[in-house]
Amino acid sequence: MTEFPVIKPRQLSLDLPFRTARGREDFTVAECNKLAVGWVDRWPDWPNAGLILHGPEGCGKSHLAAVWQGKSKAMVLDDRALDTSAGRAAADRGDALLLEDVDVRLAVVPAWQEALLHLYDASRLAGGAILLTSRTLPSAWLIDLPDLQSRMAALPKAEIALPDDRLLEAVMWKQFNDRQLKVEQDLVRYVLPRIERSFPAIRRFVDRLDKISEERRQKPTRPLAAVLLKDMTDFPSAEDARKCGHHGSGT
């Protein structure tokens, strides 16, 4: 059996000291993601027994995939399970399967094309379903196998676009709530126009604000947030981002 290297997940921090809410009730539905949410809610009525959830890093793919995984009890295919007896057995049983960052995995290990093709075919034949997440559409994936290309092209696709103001604000509140931080509304409204418009940027900011507040033993306040924003050179303002042609990626 081919030994494949292990790719470290890009979107998950496993050493977080706080509980992160991942349920359906914690996922904010907005214009940029309601199509994808509709597809997840539609399961198991998926054409061709699968779905490709795609969008830029930080847009909420992993959260929505986790919602579906909880609903479907899907087996999460990590790097080892993609081509092991456990993964193949789950596909043969018709179990639901979840594979994240498929574009990255196929680029790093081309041999996974064969494994993915066999898993998908077995899953579909057994009446299962597979959810794939990716930053891009399959047409941009590094695929040499014509059979895999045709299978992926036939799957329904749902995009999660960059977040709007309402969703960004909701995500920031969720980050504070996950850390059990109590902040005033004026802090959130002050920060949002001044940082990169992406979920990873919001997560990093809240994490740093949390740590600084704990170090200084003071409540997170707007003045403290202003100091932090000034010191964080990796958080361009919205205006600077537009001038530089920078569009923050929103996973």
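The values are calculated or read from the model by the stated rules, or taken from the named source; none is laboratory data. Bear in mind that the values here come from a model prediction, so they are computed numbers and not experimental data. Heads up, the Cβs are rebuilt from the backbone with ideal geometry, glycines too, and the neighbour counts pull from every protein chain shown. SASA here: full protein model, heavy atoms, side chains in, ligands and nucleic acids out. Shrake-Rupley method; radii C 1.70, N 1.55, O 1.52, S 1.80 Å.
Overall, the accessible surface of region 29-159 at a probe of 1.4 angstrom is composed of carbon and sulfur to the extent of 54 percent. Solvent-accessible surface of protein heavy atoms, probed at 1.4 angstrom with all chains present, puts THR84, THR133 in the order THR84, THR133, largest first.
At a probe radius of 1.4 angstrom, the accessible area of region 29-159 per residue rounds to 41 square angstrom. Placing +1 on each Lys and Arg Cβ and -1 on each Asp and Glu Cβ, with no other charges, gives region 165-244 a dipole about its Cα centre of roughly 100 debye.
In terms of accessible area, using a 1.4 Å probe and ignoring ligands and nucleic acids, VAL102, VAL171 rank largest first as VAL171, VAL102.
For all pairs of alpha-carbon atoms in region 29-159, what percent lies in each bin of width 10 Å, listed from the first bin to the last filled one? So the P(r) values, bin by bin, are 13, 49, 34, 4, 0.
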